[in-house]
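**Student:** The structure follows.
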Ligand code: HPA
Ligand code: ZN
């Protein structure tokens, strides 16, 4: 391992908790919940993880999430991820969850929420890891369904800091969710959105102008629009970049071709994240190792990325300062 990486404190800002469901846990939960999976073994699940693009991943990701049934399942899923954080010097994490993936198959919102937040509370007291929770709307579903989900979340507002937008990007521009995001901001939520992963720079502009996001999730296609790059740099709108995800989903042909260093050298506030670690071959530590191995990054670049992760977080300035003092 790169010597710097074993000690660098980090925050993670782009992790879908359902994407941390390791094949071993998927098979165990299927068994305990009496659910039939289309795989014979853990090895068969792993072998299926060959993706051509975002949609081919999403198909398996939504199928895998069906094993999550009880509050205990959501707790176990989240706790396993938080233990990984503890092992990799991840001090703070802002976690996405996709309630519609669960409520649409009859799992109550409260079951999902209570399991996840119980693990987050224990991580705070037992592991010293701070956290936030971000509710993502599935953009392949309707704006009306997103609004209904937002309304379902209002009683839980104390434990949800922001709303986001994920799932199939192409054909589902941010504009589709303008009214939902207006309402979310009026209710006091911060906003983020996946944009510019597979979608064009125009979707990033829409996320900024129409959804008034604090961060762009992915955003790597911004380089196709120089005016957009200039805007992102001037306003230091963070990009939550996910290197292993981008290679697994063929956004870049190889890690050596990833534009993360180019984005940093253009003056953008870039952070490194794992996205769906169980599906893409690694957690935050492995993402840092992969970029350090494949790209001509200096130690200063790596430190900058780790510092950016706290600066781009939804922690208060005082909390950010406390973490940044550790550098
Ligand atoms: N993009 C869009 N939706 C997602 C992703 C992603 O990388 N991961 C989980 N849902
Ligand atoms: Zn994502």
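The values are calculated or read from the model by the stated rules, or taken from the named source; none is laboratory data. Here the structure is a predicted model, which is why all the values come from computation and not from measurement. Cβ atoms come from the backbone with ideal geometry, glycine included; neighbour counts cover every protein chain shown.
**Student:** Report the residue count in segment 146-169 for those that are within 16 Å of ligand 1 (Cβ to nearest atom) and touching a helix residue (DSSP H, G or I) at 6+ places or on another chain (Cβ under 8 Å).
**Tutor:** Matching residues across segment 146-169 total 7.
**Student:** Taking the condition of being in contact with a helix residue (DSSP H, G or I) (Cβ under 9 Å, 6 or more places away or on another chain) and either farther than 15 Å from residue 278 by Cβ or at pLDDT below 95 (or both), how many residues in segment 4-20 meet it?
**Tutor:** 8
**Student:** Determine, yes or no, whether residue 279 is in a helix (DSSP H, G or I) and either within 12 Å of ligand 2 (Cβ to nearest atom) or modelled with pLDDT under 95 (or both).
**Tutor:** In short, yes.
**Student:** Let me ask something else. Just to verify a result, which residue in segment 220-247, among those that are outside any helix (DSSP H, G or I) and in contact with a helix residue (DSSP H, G or I) (Cβ under 6 Å, 6 or more places away or on another chain), is farthest from ligand 1 (Cβ to nearest atom)?
**Tutor:** Here the residue is 225.
**Student:** Here's something else I'd like to know. Spot the failing condition for residue 240; the list is (1) within 16 Å of the chain's Cα centre (by Cα); (2) closer than 16 Å to residue 200 by Cα, and only one is missed.
**Tutor:** (2)
**Student:** Follow-up question, since we're still on this one. From the list 150, 154, 133, which residue is within 16 Å of ligand 2 (Cβ to nearest atom), in contact (Cβ under 8 Å) with a residue 12 or more places away in the chain and within 27 Å of residue 208 (Cβ to Cβ)?
**Tutor:** Matching residue, one of 150, 154, 133: 133.
**Student:** All but one of (1) under 21 Å from residue 327 (Cβ atoms); (2) surrounded by 18 or more Cβ atoms within 10 Å (Cβ to Cβ) hold for residue 236; which doesn't?
**Tutor:** Result: residue 236 fails condition (2) only.
**Student:** If residue 250 meets every condition in (1) touching a helix residue (DSSP H, G or I) at 6+ places or on another chain (Cβ under 7 Å); (2) within 16 Å of ligand 2 (Cβ to nearest atom); (3) over 14 Å from residue 304 (Cα atoms) apart from one, which number is that one?
**Tutor:** (1)
**Student:** Working only within segment 249-269, note down all residues that are crowded, with 22+ Cβ neighbours inside 10 Å and within 16 Å of ligand 1 (Cβ to nearest atom).
**Tutor:** Passing the criteria: 249, 258, 260.
**Student:** State the number of residues belonging to segment 273-286 that are more than 13 Å from ligand 1 (Cβ to nearest atom) and in contact with a strand residue (DSSP E or B) (Cβ under 6 Å, 6 or more places away or on another chain).
**Tutor:** 1
**Student:** Give the residues of segment 63-119 that are part of a helix (DSSP H, G or I), within 28 Å of residue 288 (Cβ to Cβ) and within 16 Å of ligand 2 (Cβ to nearest atom), sorted by residue number.
**Tutor:** 64, 65, 81, listed by residue number.
**Student:** Which of the residues belonging to segment 1-31 are surrounded by fewer than 13 Cβ atoms within 10 Å (Cβ to Cβ) and either within 16 Å of ligand 2 (Cβ to nearest atom) or farther than 30 Å from residue 301 by Cα (or both)?
**Tutor:** Of everything in segment 1-31, just one residue is surrounded by fewer than 13 Cβ atoms within 10 Å (Cβ to Cβ) and either within 16 Å of ligand 2 (Cβ to nearest atom) or farther than 30 Å from residue 301 by Cα (or both), namely 31.
**Student:** Something else: Working carefully through the options 36, 10, find the one that is closer than 26 Å to residue 131 by Cα and more than 16 Å from ligand 1 (Cβ to nearest atom).
**Tutor:** Residue meeting the stated conditions: 10.
**Student:** Further, regarding this structure: Taking residue 179 as meeting all but one of (1) within 22 Å of residue 269 (Cα to Cα); (2) in contact (Cβ under 8 Å) with a residue 12 or more places away in the chain; (3) not in a strand (DSSP E or B), write down the number of the exception.
**Tutor:** Among (1) within 22 Å of residue 269 (Cα to Cα); (2) in contact (Cβ under 8 Å) with a residue 12 or more places away in the chain; (3) not in a strand (DSSP E or B), residue 179 violates only (1).
**Student:** Do we have residue 309 as away from ligand 2 (no atom under 16 Å from the Cβ), under 15 Å from the mean Cα position of the chain (by Cα) and either surrounded by 23 or more Cβ atoms within 10 Å (Cβ to Cβ) or part of a loop (DSSP other than H, G, I, E, B) (or both) here?
**Tutor:** no
**Student:** Which residues, taken from segment 260-301, are over 14 Å from the mean Cα position of the chain (by Cα) and at positive phi?
**Tutor:** 267, 281
**Student:** Any residue at all in segment 42-52 that's loosely packed, with under 13 Cβ neighbours inside 10 Å, within 15 Å of ligand 1 (Cβ to nearest atom) and at pLDDT 95 or above?
**Tutor:** yes
**Student:** Is segment 202-210 home to any residue that is closer than 28 Å to residue 306 by Cβ, surrounded by 16 or more Cβ atoms within 10 Å (Cβ to Cβ), under 15 Å from the mean Cα position of the chain (by Cα) and within 16 Å of ligand 1 (Cβ to nearest atom)?
**Tutor:** Checked against the condition, which is being closer than 28 Å to residue 306 by Cβ, surrounded by 16 or more Cβ atoms within 10 Å (Cβ to Cβ), under 15 Å from the mean Cα position of the chain (by Cα) and within 16 Å of ligand 1 (Cβ to nearest atom), segment 202-210 yields no hits at all.
**Student:** Is it fair to say residue 256 is more than 15 Å from ligand 2 (Cβ to nearest atom), over 22 Å from residue 53 (Cβ atoms) and either without any contact (Cβ under 8 Å) to a residue 60 or more places away in the chain or touching a strand residue (DSSP E or B) at 6+ places or on another chain (Cβ under 8 Å) (or both)?
**Tutor:** Against the criterion (more than 15 Å from ligand 2 (Cβ to nearest atom), over 22 Å from residue 53 (Cβ atoms) and either without any contact (Cβ under 8 Å) to a residue 60 or more places away in the chain or touching a strand residue (DSSP E or B) at 6+ places or on another chain (Cβ under 8 Å) (or both)), residue 256 does not qualify.
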